[in-house]
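What follows is a set of notes on a single structure, which appears directly below.
What follows draws every value from the coordinates through simple rules; no lab data is involved. Note that the structure is a prediction, hence the values are computed from the model and not measured. Every residue, glycine among them, receives a Cβ derived from its backbone with ideal geometry; neighbour counts consider all protein chains shown.
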Amino acid sequence: MQLPYPIRIISLVLAATIGGYFLTSAVIIFLSAIVPMDKPDAIVASSLFSYAIYTAAVIWIFVVRDSKRAWLGMLIPTLIFGGAGLLISRMAS
């Protein structure tokens, strides 16, 4: 079932803003856990990639043009990166 055009665009914009934010946060958590530096330095170093990650996520969402695929494309990597980052950081502590 295809969503009506205005609802699809609203869904894609929400996926880009909300999903992109959470994906970027999850990748930062993951990168800060695997970068071999002191914790504050690792967080700052991994945060430098946040602009590139967020931009790539937004571009990818509007290339896909399918709301279901866009949301799944944000949700699945967010859960994987966030879970792996939290697991690695807890094991390292």
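Results, tabulated for the structure shown:
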| read-out | value |
| --- | --- |
| The range 19-92 - percent relative contact order, Cα under 8 Å, separation 6 or more | 52 |
| Summed residue charge, Cβ within 15 Å of Phe30's Cβ, Lys/Arg positive, Asp/Glu negative | +2 |
| Sorted by Cβ neighbour density within 10 Å, fewest at the top, the residues Tyr5, Tyr54, Tyr21 | Tyr5, Tyr21, Tyr54 |
| HN-Hα J in Hz across the range 55-61 - Karplus 6.51, -1.76, 1.60, θ = phi - 60°, x for Gly and Pro | 5, 5, 5, 5, 4, 4, 4 |
| Residue exposure sequence - Met37, Met91 - by fewest surrounding Cβ within 10 Å | Met91, Met37 |
| Helix-only mean residue ellipticity at 222 nm for the chain, each DSSP H run of n ≥ 4 adding -39500 (n - 2.57), per residue, nearest 500 | -26500 deg cm²/dmol |
| Surrounding net charge for Ala15, when Lys and Arg each add one and Asp and Glu each subtract one, Cβ distance under 12 Å | +3 |
| Per-bin percent of Cα-Cα distances, the chain [5 Å] | 2, 15, 22, 20, 14, 10, 8, 5, 2, 1 |
